[in-house]
Structure formats: C-alpha cells, structure tokens
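For reference, the structure discussed in these notes is given below.
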Amino acid sequence: MSIFRFKVWWTTHWIGNNGNDVENETQMMIFDKSDFGRPYVLLLPLIEGPFRASLQSGLDDDLDICVESGSTKVQTSKYRSCLYLHIGDDPYRLVKDAMQVIRVHLGTFKLLEEKCPPEIVDKFGWCTWDAFYLKVHPQGVWDGVKGLTEGGCPPGLVLIDDGWQSICHDDDPIADQEGMNRTSAGEQMPCRLIKFEENHKFRNYYSCPKIPSHKGMGAFVSDLKNEFKSVKHVYVWHALCGYWGGVRPNVPQMPECRVIWPKLSPGLGMTMEDLAVDKIVNNGVVLVPPEKAHELFEGLHSHLKSAGIDGVKVDVIHSGACKSILQGLDSFGEEAELARAYYKALTASVRKHFQGNGVIASMEHCNDFMFLGTETIALGRVGDDFWCSDPSGDPNGTFWLQGCHMVHCAYNSLWMGNFIHPDWDMFQSTHPCAEFHAASRAISGGPIYVSDSVGKHDFELLKRFVLPDGTVLRCQGYALPTRDCLFEDPLHDGRTMLKIWNLNKWTGVLGAFNCQGGGWCPTARRNKSAPQFSINVTCLFSPNDIEWTNINAKNLQIPFKGIHLFAVYKYKERKLSLLKASETLEISLPPFEYELFTVSPVNVLTRRTVQFAPIGLVNMLNSGGAIESLDYNSNGSLVRVGVRGTGEMGIFASREPLSCMIDDVNTDFSYDENMVVVHVLWHNSSRSCVVEYAF
C-alpha cells in the first residue's frame, strides 16, 4: 500500500502488486508481510539538503526514487540519505518507529507525541465556508452562531474562512471596497493581499451602541465571545503566502515581494487537474523573499492577535514555500530551502501570537511540510475538502465523493498522524450523507465542525455528538484502518468495507463504512465514479480488530490484561452482544451506510460473580467517549461510573442490579437483555456525574 499525491495539495491511499502500479509523487510505501516470514517493509522518501524525494514507477516494472530541488541551478547525481527503509512485525508501530528514527536523523520537526494539539479538538465548531463562501460578513457569522446556540448546539469554535481579507486583482484599483467584485469561488484565486487588516465588511463593524473606538474585527470578535459564552476560540483563514495569489507588489506598508511564474514538475503534472493550481500557474504567485517571510507572518498575525483572534487555518501551503509545485523559481533558490525559510518564519510567529499550536494546517500533504513544517504545528487536515457535490458535474458525486473523503482521511492518518493530529474537515449536517460523515468524525479523534448554512441544521443529528456546553466526546487517539483493510481497496473493488478503530479511556470503538463507488482513476488521472462497485458489502468484525495496546492514544485506562470477553454494542441496531477476542460478527451494509461498535472489556465482580462492562451514552455516536472514570469497590458489589454528557447511559451486566444511583440519589433504571439503562440529565455543568450500580 502507498500514499501518493493525487492532487498537488492532497494525498490518498493506493494499492498494487508491482512497480507499474506505483503512482507519481508517492510519499510512503509499505510492503505487506509475506507468507514465508518476511515482515512488513516501509519505504520512506526523505529530505536531503536542498532536495526532496518521492517514489514513482520506473522502467521494466522497477521502482524509482525521484529527487528534486525545484531549481535548475541546484543539481547533483549523488545522494546519501534520500530514502529510509524500516522493517517490523506491526504495521502501526512500523511507521511510528521509523518516524522516530527520522526525527533524530533530520532534527527539523517534532512528533505529535511531543506536542499538544490546540484546545479546539475538544470543541464543536462552525466554519463559514459553505454557508457564505467569499460573501462572509459579521451579521452572517453572528446569525450562524445564534442559530446553533438557540438550537442547543452552541459552537466552541468559530472559523471565519476565506472572504475576510483585503484583496484585489492586479487590474483592480486599491480602494475601500477591495475585492468585492470577486465573490464567486475561483474568482478570488488570482487576487493578491493588499493589507494585513480585514476588508471593509469587517472593518466597518461597530459595536452597539456605536463607539468610534470600538469597531472592526476586534470589536466583532469581542462582541461575539461576550454574547455567546460557548465561543472560546475564533480562528480565521489565510494562505501561506498571504492569499491565493500572494501579496500585491509595490503596496505601501506591505513586505517586499515579486511575481513568480511557476511551472509544475513532471510528477505533479500527472496529478488531477485543479482550478486553484491552474489559476496560480496562469497568473503567477507573488512571493515575499524567504529572508523577509517573517515580516509577512508578523504583520498578519500581530494584527489578528490584537483583534482577539485565537488561531489561524493556514491553507494553500504548497503555493509558495513548498516549491515542489513551483519548479523553475530559480530566483528564490531551491525548493527545500525556500520551504525551510517560510516554515521557520511561520513557526516563530505562531509561537509568538497563537501559543505555538493555534493552527490548522491545510493543503499540506507533502513530505517537505511534514519534515520541515511541524516543529510546533500539531493539527492538520488529512483529507481533501468535503465536497457537497462533484465539481465536475457527476450527480452521483454527492454520494461517492463522500466515500473518497473518508478513505483519504483514514489512510493518510497512518502517515500524517505521527506529525499532526488528524483533522477530518467539516461537513454539512443536512447533506444526504451527513450521518455517514458524522459517524466517522465522532470516532476520528479529531475536531468536529460543520459548515451548515445559517438556519439549515439537523439538530437531531448534531446532538448525537455535540454536548450542551459546545464540547464533543472525543476519542483518546486518532482513527486508523484495521489491519485487514491496509492492503485492500475500499473504494473500487466491490468487496472491501472500510473499518476504522480508535480508543476511548475505557472502551474501544470500531466503525464500518461502505465507501465503494468511485475514487482515483489512473487512466483518467482524476477521481471518477465507479458505480459497478457501489453495492452491498459484507465484512467480519472482531474485538481483535481494535489495537488495544495502541501507542497513539493517551490517558487510556482500559483494563485489557487478562480480559477474554467483550461486550459489543451496535449503535444503529441498538443491540448488545458478547464476543470472545477472536470471535466475529458479520455485518452487511448498503452503499454509503455505516455501523458503529462500542467494544468494552468484561470484568467480573468478585463477590457476586456478576459480569460487568460499561458501554456509555448510547444516544451518542461515540457512546464510550462519555465514560470518564470506572471504579470497582473493594467488596466486589458496587461499580461507580463517571459520565460526561446527557442521555441514556448503558452498561452490560449479567445480572440485574439491586439499585442505581446518580450522584448519590436513587434513580429508576431498565434492565433488558443484559442491558442496564439509566437516564442522565445535564446539570448546566461540564463536570461528570457518577452513576452507581449495586449488585
């Protein structure tokens, strides 16, 4: 299996059996273990000095290493460390161990385990992009937050996407109404940044009553946080080079810059056609020289910080510093060195203004970013954008593109999760596949945010992963494909179910998703529908599909040692089963449907010989994420479970309890088919309640 760049900005999963199957710009490759004892083998292209390596198919079924500097003036024919090979018996540890070796070898990045993701990973968020696109404005943002709050799903994160900056095209005059004739998605991409301050839509915001000194973005952010107490974090979007087209030259108070005319490298010329890339290639990108990059980020971030902005989504990361797409930029030197300078400046600014980790990295799927840009950045997108529909016009893209998105995120996390905490992107709660997306986000371990239009929400769905205080029940690790999926094709083989696993503090969770129906087409060089594979898919599930000793999860309390029996709760079927570790359940799903399994180790209460396993809030998609603590008392007849959230708290018990209490108050409960259910109320507090079961 491999991870390759199918677009300039994005990577995905690919499988094959020989050298001819390998795609250009492959960033990582794993050979499956063999029947005669060969372990898993990892091939990892590296950065070596000014050069960046990738894998690709060669002549006569060979595998080639492509090593590029991005500059015709920087060439060599000898390389000492452009590829690392690692072997191991565990595919997950294989990748992690290799990254630890490269961490020491390069010394240019930090592993995720050395960093702390921003607090937004635990918050429910709302992004303005699909709601407004470039027409975002203060009243619209206010109304969006107000509607979600009144509906019982208050956001903890508000992400103001593209549309807030002061931009214009090269032919436009620099005026107070900057960029306002560029309101359709795509029209903005040739535009350049003309000032660090917000555009007139946000600049002309006044607090009510109007106070001349209390206006602009700072006043708006302050008012938003004061009115809606759940909003703890406001992030804004910007491109790595300032804007899509960079910075407009010869503008007072803006950094020195000059226009560059990029040319795609041969490998990236084989990627999927992309409007953004075409716009940058045809209109050029205006780059601040690497030695001045700190001026760009300091100017932008210092203003945002003064306005109360808590962090930034840094997009279009491969338009400038990652010159892997910009072959021929000889005036700015080699690719890796330009990338190094931009990332160093970005890192310094983020440390100064946004606590070092207040960043969502996006459009960053390339090894030069992972190896050079993740010293402090700890959160990043691991999949292409959520597409409501197919931009190429295929009506079925409303469905099959959602499966593509899920596969991108799951498999990319195997690689990227070692550097950045995986972010599976936003989605819309009213989309035909909204529940499909929500289920994957709920167990992804990353932030969960939607891009709903104002007033258009499915609150019944939202309340299955959003708590009344604007937080979510997040897993302790990040979701990864199960072992039996790693070397299979869950998009177009008509038989493979995507299965992903993760861990909560006290339970495991597994999701099954039928993503079959379309994906990368090597001949068409784009994502394409494959309706012949969009059929019912059947797979087997076992507790052993979950990697219980996962090295990527923190704060685990699971009493796994000596456990041979598991309680398994099917979320959609609302059915409880008992399985031994190696036993299996069969599940069959139609296209773009899912099932979630909460898997809980069964313990035995010594005094009463009662089998017991906590399940969690069965009304929530990540049921087991609600369990904060688990305490078996010394006499073996009482169990206390700390629960965060509201709804139906379920446990498996082989015998009906004598009584149940919530925070020391007796409560009613039901007992049916070994399932004990009590109703937990929300007490206007984020604290856990304690449910006590007496046997």
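The values are calculated or read from the model by the stated rules, or taken from the named source; none is laboratory data. None of these values were measured; they are calculated from a predicted model. Please note: Cβ atoms are built from the backbone with ideal geometry, for glycine as well, and neighbour counts cover all protein chains shown.
Overview of results
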quantity: Only listed residue being over 27 Å from the mean Cα position of the chain (by Cα) and farther than 23 Å from P91 by Cβ, chosen from N555, N536, N527; calculated: N536
quantity: Condition check for N18: in contact with an Asp or Glu (Cβ under 8 Å, 6 or more places away or on another chain) and either under 22 Å from G519 (Cα atoms) or hydrophobic (A, V, I, L, M, F, W, C) (or both); calculated: yes
quantity: Lone qualifier among K554, K570 - being free of Cβ contacts under 8 Å to residues at least 40 places away in the same chain and surrounded by fewer than 22 Cβ atoms within 10 Å (Cβ to Cβ); calculated: K570
quantity: Residue, nearest to N502 (Cα to Cα), within segment 539-549, restricted to residues that are under 23 Å from the mean Cα position of the chain (by Cα) and surrounded by fewer than 20 Cβ atoms within 10 Å (Cβ to Cβ); calculated: W548
quantity: Elements of type strands (runs of 3 or more DSSP E) contained in segment 186-297, each with 3 or more residues being aliphatic (A, V, I, L, M); calculated: 233-239, 285-287
quantity: Evaluation of I160 against (1) closer than 14 Å to G245 by Cα; (2) β-branched (V, I, T); (3) in contact with a Ser or Thr (Cβ under 6 Å, 6 or more places away or on another chain) (one fails), failing number; calculated: (1)
quantity: The lone exception for N550 - which of (1) modelled with pLDDT under 95; (2) within 26 Å of E23 (Cβ to Cβ) it fails; calculated: (2)
quantity: Any hit, segment 151-166, residues being more than 23 Å from the chain's Cα centre (by Cα), assigned by TED's automatic domain parsing to the domain that holds I420 and part of a strand (DSSP E or B); calculated: yes
quantity: Check on D394, in contact (Cβ under 8 Å) with a residue 24 or more places away in the chain, within 28 Å of K554 (Cα to Cα) and assigned to a loop (DSSP other than H, G, I, E, B); calculated: no
quantity: Extreme residue, surrounded by the most Cβ atoms within 10 Å (Cβ to Cβ), among residues of segment 635-667 that are more than 19 Å from L578 (Cα to Cα) and in contact with a His (Cβ under 8 Å, 6 or more places away or on another chain); calculated: G647
quantity: Residue in segment 41-49 that is over 19 Å from M416 (Cα atoms) and either surrounded by 15 or more Cβ atoms within 10 Å (Cβ to Cβ) or out of contact with any helix residue (DSSP H, G or I) (no Cβ under 9 Å at 6 or more places or on another chain) (or both) present; calculated: yes
quantity: Qualifying positions in segment 4-28 - within 20 Å of the chain's Cα centre (by Cα) and either closer than 18 Å to K528 by Cα or of a type outside the set (A, V, I, L, M) (or both); calculated: F4, R5, F6, K7, V8, W9, W10, T11, T12, H13, W14, Q27
quantity: Scan of segment 452-507 for residues that are closer than 30 Å to N527 by Cβ, of a type in the set (D, E) and not in a helix (DSSP H, G or I), ordered by number; calculated: D452, D458, E488, D489, D493
quantity: Complete set of residues in segment 173-189 that are modelled with pLDDT of 70 or more, surrounded by 14 or more Cβ atoms within 10 Å (Cβ to Cβ) and of a type outside the set (A, V, I, L, M, F, W, C); calculated: G186, E187, Q188
quantity: Flag for F427 being in contact with a helix residue (DSSP H, G or I) (Cβ under 6 Å, 6 or more places away or on another chain) and over 22 Å from W14 (Cβ atoms); calculated: yes
quantity: Among (1) without any contact (Cβ under 8 Å) to a residue 12 or more places away in the chain; (2) outside the structural domain of G455 (by TED's automatic domain parsing); (3) not hydroxyl-bearing (S, T, Y), the one test that H86 misses; calculated: (1)
quantity: Residue match in segment 439-452 (condition: outside the structural domain of D130 (by TED's automatic domain parsing), over 27 Å from N396 (Cα atoms), touching a residue at least 12 places away in the same chain (Cβ under 8 Å) and within 16 Å of the chain's Cα centre (by Cα)); calculated: no
quantity: Pick from segment 298-313, criterion out of contact with any Pro (no Cβ under 8 Å at 6 or more places or on another chain) and part of a strand (DSSP E or B), ranking: surrounded by the most Cβ atoms within 10 Å (Cβ to Cβ); calculated: V312
quantity: Sole exception among (1) in contact with an Asp or Glu (Cβ under 9 Å, 6 or more places away or on another chain); (2) of a type outside the set (A, V, I, L, M, F, W, C); (3) in a strand (DSSP E or B); (4) surrounded by fewer than 22 Cβ atoms within 10 Å (Cβ to Cβ) for S54, by number; calculated: (4)
quantity: Selection status of L621, surrounded by 14 or more Cβ atoms within 10 Å (Cβ to Cβ), at pLDDT below 95 and in a loop (DSSP other than H, G, I, E, B); calculated: no
quantity: Test result for T76, assigned to a loop (DSSP other than H, G, I, E, B) and touching a residue at least 60 places away in the same chain (Cβ under 8 Å); calculated: no
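Condition check ((1) surrounded by fewer than 19 Cβ atoms within 10 Å (Cβ to Cβ); (2) farther than 20 Å from V568 by Cα; (3) modelled with pLDDT of 95 or more) across all residues:
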position	(1), (2), (3)
Q476	no, no, yes
R483	yes, no, yes
T507	no, no, yes
S529	no, yes, yes
V537	no, yes, yes
